[in-house]
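A short worksheet on the structure shown next.
The values are calculated or read from the model by the stated rules, or taken from the named source; none is laboratory data. Keep in mind that this is a model prediction, so the values were computed, not measured. Note that each Cβ is placed from the backbone with ideal geometry, even for glycine, and that neighbours are counted across all protein chains shown. All accessible areas refer to the heavy atoms of the entire protein, side chains included, with ligands and DNA or RNA removed. Shrake-Rupley method; radii C 1.70, N 1.55, O 1.52, S 1.80 Å.
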Amino acid sequence: MAGPDGLGSPPDPAAVIAYVEVAAGCALFAAHAAVPGDLPIERAASAIDAIRGAAARTRAGQRASVVLGAHELVGALAALGEAAAVRTPVTVHIIERRGGLAVGRDELAPALDVGAGVLVTWSNQEAADMALVARRAAEDSETPFLHLVDALPSDVAALGGARDLAARFLGSERTPPTFTDVSPGESDGDGGPRPQGRGVVRKRAERSFCARVPFALTSAMRELCELTGRSLGAIERVDTSDAEEIMVVMGCAFPAAREVVRSLRAQGRRIGLVGVRALRPFFGAEVVKTLGRAKAVVVLEPLDVPLAPYGPLAAGVKAAFADALTWAPGFPGVGRIPPIISATFATIDGTITERDVRLSLAEIASGERARRHMVFGSDG
């Protein structure tokens, strides 16, 4: 790996380990801001090397995060899965710097299945905030977090205090990971061979550690809200209290959908909006509580998974309603599941626009005969 490199302006996507003042550095990277020259950065030869190097530092009791471009993530998911298997609280931030947003967000769907927390943000300020939240939640749960920044660059003058905020929020010390991995054939303590393989030990630990994640994430968001006064939650609600139609969106769809909601509300249409920041863990009960009285739901996602019946966010919403309908513990009871329309975008030329949002909403007019899955941008 190369030595520390002071960067006064945002670099192109590259495997980067920001290993000193790591949360502040990632907050600035995430917001497309200039990184102070005195913030040491270490580049790695590849995305896989970056994640493995950051994991090694983290296991040694240091803080380490990785900044990657969207095109680098898919090839590095195995390394992220390795970090999850041994309960390593590394954070990986996906930030596209070459001309705006990544096309299609194809890297997101496979990332949902590696055992890491997955967060998606849609503005530079919340990207900076969630970089700190991801770090705290990862350390408290000993679970890696993936943070995908789906926002265009904007004014980041307000981020001048990112380093001070990181120091106040995280402190200078952290507890080393408690999980101890085992070697193949390791003794069971009585001189005999271990009766189960290393994979079994890791899998059993995975569930117990992952059970901490929802609490760790919500606690971190709540504490940061108290420090900054900025609202931050696993889901963001806009005008949902009386809404008959509700859009559920993530990433770059949120700003456009919010403008459409404001416009339609001014015309008397009772429409609301839910923005989802946390895909893993997915707060299904909270989503159902917000959507339960809606007559129709449209889920907009800036990605498309070929051959899937609908997008992964829509799948989470539908599964949550199925649990609520069957009285699963922790879920509010519902008497019906509203029509849930999944609108996915196979390709995106920059970002989801207000026109895209309105086209998705138009399907509600078909009532019970509305298509349940629409794909935009496909040549099919």
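The table below gives the values:
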item	result
Pair list, Cβ < 6 Å and 6+ apart or interchain, from region 284-302 residues that are acidic (Asp, Glu) to residues that are open to solvent by 10 Å² or more (accessible area, probe 1.4 Å)	Glu286/Ile235
Members of region 102-139 that are surrounded by fewer than 24 Cβ atoms within 10 Å (Cβ to Cβ), at pLDDT 85 or above and under 14 Å from Pro302 (Cα atoms)	Ala109
Condition check for Val297: among the aliphatic types (A, V, I, L, M), buried (at least 17 other Cβ atoms within 10 Å of the Cβ) and modelled with pLDDT under 95	no
Where Arg280 falls short, out of the listed (1) open to solvent by 60 Å² or more (accessible area, probe 1.4 Å); (2) within 13 Å of the chain's Cα centre (by Cα); (3) on the phi > 0 side of the Ramachandran plot	(3)
Residue in region 339-356 that is of a type in the set (D, E, K, R), within 20 Å of Arg293 (Cα to Cα) and not in a helix (DSSP H, G or I) present	no
Every residue from region 247-264 that is among the aliphatic types (A, V, I, L, M) and under 22 Å from Val288 (Cα atoms)	Met247, Val248, Val249, Met250, Ala253, Ala257, Val261
Test set (1) crowded, with 24+ Cβ neighbours inside 10 Å; (2) farther than 29 Å from Ala128 by Cα; (3) not small (Gly, Ala, Ser) - Ile352 fails condition number	(2)
Filtered residues of region 243-262 (kept if surrounded by fewer than 24 Cβ atoms within 10 Å (Cβ to Cβ), in a helix (DSSP H, G or I) and either modelled with pLDDT of 95 or more or of a type in the set (Gly, Ala, Ser) (or both))	Ala256, Arg258, Glu259, Val260, Val261, Arg262
When residues of region 311-325 are limited to those that are out of contact with any helix residue (DSSP H, G or I) (no Cβ under 8 Å at 6 or more places or on another chain) and of a type outside the set (Gly, Ala, Ser), the one farthest from Gly284 (Cα to Cα)	Leu325
Residues of region 210-242 satisfying the condition of being aliphatic (A, V, I, L, M) and closer than 17 Å to Gly275 by Cα	Leu217, Met221, Leu232, Ala234, Ile235, Val238
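One line per residue, one yes/no per condition, for (1) at positive phi; (2) modelled with pLDDT of 90 or more; (3) not in a loop (DSSP other than H, G, I, E, B); (4) not basic (Lys, Arg):
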| position | (1), (2), (3), (4) |
| --- | --- |
| Val35 | no, no, no, yes |
| Pro40 | no, no, no, yes |
| Thr58 | no, no, yes, yes |
| Arg63 | no, no, no, no |
| Leu77 | no, yes, yes, yes |
| Gly81 | no, yes, yes, yes |
| Ala84 | no, yes, yes, yes |
| Val92 | no, yes, yes, yes |
